[in-house]
Amino acid sequence: MAYGPILCGLILVGELVAGSPPHWFALIFCGVLIAWFVALQVVAARRHVSVELTETHLREGTESLPLSSIAEIFPARDEEAWDDEAWESARALGELTGVPRRRTGIGLRLSGGGMVQAWAKDHKSFRAALTAALPQPTVDDHENTDGVGR
């Protein structure tokens with residue numbers, strides 16, 4: 001955020017050293033304006049490109065997803081494969097049009113049958129943390145398949 005004001009300060013020093021009349025209003029206005037635009041970009045990036053994983057929810061950007069609604073985490077994309085995985089065309093979580101730059105998508109199947117992409121910078125650590133946070137199915141969750149009633 002300081003680049004704009006610093007640059008305007010250097011220009012002011014240059015004007016003073018050169019002996020020309022300083023443009024006080026223009027330099028102060030431009031310094032404040034540049035700092036304000038940069039601050040706006042920083043706030044937007046922190047809001048829309050942040051990831052938070054709790055015991056019950058996954059928040060990506062401004063969208064929150066209960067962990068109980070995640071049925072499966074798809075395996076990582078095979079880098080040597082020619083074809084794209086089906087989950088790679090799924091909607092990215094958050095209010096974004098796709099997976100943000102410098103982030104890697106992770107395919108998720110939702111309990112309702114749909115697919116979405118979670119994303120993170122460090123996708124390997126995020127995949128491990130997400131896998132550990134998901135509720136693991138227990139033996140009682142599966143139906144009795146031996147044909148004998150209980």
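The values are calculated or read from the model by the stated rules, or taken from the named source; none is laboratory data. Fair warning: this is a prediction, and the values are worked out from it, not measured in the lab. Here the Cβ positions follow ideal geometry from the backbone for every residue, glycine too, while neighbour counts run over all protein chains shown.
Just the residues that are touching a helix residue (DSSP H, G or I) at 6+ places or on another chain (Cβ under 9 Å) and basic (Lys, Arg), please, taken from the range 80-135. Across the range 80-135, the qualifying residues are ARG103, ARG109.
Counting only strands (runs of 3 or more DSSP E) that sit completely within the range 13-106, those holding 2 or more residues that are free of Cβ contacts under 8 Å to residues at least 40 places away in the same chain and within 18 Å of ARG127 (Cβ to Cβ) correspond to 57-60. Per the listing SER50, SER64, the residue uniquely surrounded by fewer than 15 Cβ atoms within 10 Å (Cβ to Cβ), touching a His at 6+ places or on another chain (Cβ under 7 Å) and of a type in the set (Gly, Ala, Ser) is SER64. When the test is whether a residue is modelled with pLDDT of 90 or more and surrounded by 12 or more Cβ atoms within 10 Å (Cβ to Cβ), ALA18 does not pass it.
Candidates ALA76, ALA35: the one that is outside the structural domain of ARG127 (by TED's automatic domain parsing), surrounded by 12 or more Cβ atoms within 10 Å (Cβ to Cβ) and within 27 Å of the chain's Cα centre (by Cα) is ALA35.
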